Every structure is written in structure tokens, then in C-alpha cells.
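The values are calculated or read from the model by the stated rules, or taken from the named source; none is laboratory data. Note that this is a predicted model, so its numbers are computed, not measured. Cβ sites come from the backbone with ideal geometry, for glycine too, and all protein chains shown count toward neighbours. All accessible areas refer to the heavy atoms of the entire protein, side chains included, with ligands and DNA or RNA removed. Shrake-Rupley method; radii C 1.70, N 1.55, O 1.52, S 1.80 Å.
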Amino acid sequence: MNKRRPATKDLKRDIILNAARLVFEQEGLEGASLRAIAKAAGYTPAALYFHFDSKEAVYAELLSQSLNALCSATEEAIAREANPAERLKSAAMAFFHYYRDNPGDLDLGFYLFRGGMKPTGLGKERNLELNKQLHDSLLPITNAALALGASESNAREITASLFAHATGLLLLAHTGRIRIFSANAEVMMQDYATALANQAALG
């Protein structure tokens, strides 16, 4: 009986998170509510408070799970590469491919832009933890750049550049705007990653 209770709790939590993802996709962080999430999950709002204290807590858990999966994807990609230049390119492309294949997760990561360009977030502690997870998922790029001979500041700039380039291309690809330029987002990402790997090698 004791073994079944945690399993039941985890199942309810998963049901809530799956329902919440749908609600957030439709309403965004600002428009969603615990009541709407509870209704989508088939529970009462009171039942949700047993698992999460706010909609921000639910959103943070979804985003945390997504970032953990992203981190695993980048680590798996670099595990197959011994050469630092190939590790840098593989990590960059793993980041790009993860969000190419999981556009809903990319949308989760863009919660800061909901409601316009204004400061917002999920609370200081949650933001710090989520930012750390994002940083960890990009760390293979930074480490590969360092291994190629880049300075610490240059390695950070290369990582930031690849992050910005990838998210920009993904935004264009997922919205179809890439067609305006008659361009291929994946080819552009590969070319950019190669260029920055070469830049890192120059120190």
C-alpha cells in the first residue's frame, strides 16, 4: 500500500503537468490560471495546491523538465566526439535540433516575451535555477571553445552568439518566416557553428 501511494502521487502530478502544458500553450503564462489547469486535468483547484503552490510553480516544473532533456541531448551529442571543434559543432546542433523537434519546449523557454518586451519571470529563486539549467545545457559549447584555445571571455561570447543565432533561426523556421529569405535554417546553423569553431581555434 505504501509503495502505491508515491506512484499514485506521481501519476497525478504527471496528469497535472500534461494538462498545464496544453493550457500554457493556449493561454500563455499570463492568461493561464490554476483553475483552468485543474479543470483540464480533471481535478479541483484545491487538489492542485497539494502538488503546486502557484501557476508559476507549475510552469517552472515544465520548463525545468524541458531543460533537463535539452541538457541530456547536448551531453549525448558530444559524447560521440573527441575533437573539440566537432564537440562544439555537435553541441550547437544538438541545441538547435532539440528545439527544432520540440517547438512547444521552445515556446516554454520564451515565457519572458509573453505580453511584450517587459521584465517578468517566475520568481527570483526559480529564475536563478532555470537560468543555471540553461547555462549547463550550453556549457559543452563553452568548454569546447576553451579546449580549442579561446579565452574565457571569447568562449562565453561564442556560446552567447550560438544561442542567439539558434533561437533566431528557430523562430524564423517555426513561424515560416525563413521562406522570406529562401534560406535553410539547418544549413545556416551548421555554417555558423563551423565559423565559430574556427574562430575559437584562432584564440
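Between region 156-189 and region 21-63, the C-alpha centres lie 31 angstrom from each other.
For the chain, the fraction of 1.4 Å probe accessible surface lying on carbon and sulfur atoms is 53 percent. Mind pulling the angle between the C-alpha long axis of helix 55-79 and the longest principal axis of the chain? Nearest 10 degrees, somewhere in 0 to 90. Value to nearest ten degrees: 30. Heavy-atom accessible surface of region 99-203, averaged per residue, reaches 57 Å², computed with a 1.4 Å probe. Grouping the Cα pair distances of region 14-68 into 10 Å bins from zero gives a pair-distance distribution of 27, 63, 10 percent in increasing distance order. Based on C-alpha pairs under 8 angstrom that are at least 6 apart in sequence, the chain has a relative contact order of 21 percent. Sum up the charges of everything whose Cβ sits under 14 Å from the Cβ of GLN133, counting Lys and Arg as +1 and Asp and Glu as -1, but leave GLN133 out. Its environment carries a net charge of -4.
Here the translational diffusion coefficient of the chain follows from Stokes-Einstein with Rh set to the Kirkwood radius across Cα pairs; for 4 °C and 1.567 mPa s it amounts to 70 µm²/s. When exposed loop sites are taken as chymotrypsin sites (Phe, Trp or Tyr not before Pro) in a DSSP loop with at most 15 other Cβ atoms within 10 Å, the longest stretch of the chain clear of them is 111-203.
Entry note, region 29-138: relative contact order of 32 percent, from Cα contacts under 8 Å with a spacing of 6+ residues. Between the helical axis of 185-201 and the longest alpha-carbon principal axis of the chain there is an angle of about 60 degrees. Over region 1-88, what is the relative contact order in percent, taking alpha-carbon pairs closer than 8 angstrom and at least six residues apart? That works out to 22 percent.
Using θ = phi - 60° in the Karplus curve 6.51 cos²θ - 1.76 cosθ + 1.60, the 3J(HN,Hα) couplings for region 126-140 round to 5, 4, 4, 5, 5, 5, 5, 5, 5, 4, 5, 5, 9, 4, x Hz; x is entered for Gly and Pro. For the chain, the mean residue ellipticity at 222 nm estimated from helices alone is -26000 deg cm²/dmol, where every DSSP H run of n ≥ 4 contributes -39500 (n - 2.57) and the total is divided by all residues, rounded to the nearest 500. Among SER151, SER137, SER182, the order of accessible area from largest down is SER182, SER151, SER137, computed with a 1.4 Å probe on protein heavy atoms. Remark: region 1-81 carries 60 Å² of accessible area per residue (probe radius 1.4 Å; ligands, DNA and RNA excluded). Students often forget the sequence filter, so: which lysines lie under 20 Å Cα-Cα from LYS9 once same-chain residues fewer than 8 apart are removed? Candidates past the 8-residue exclusion: LYS39, LYS55.
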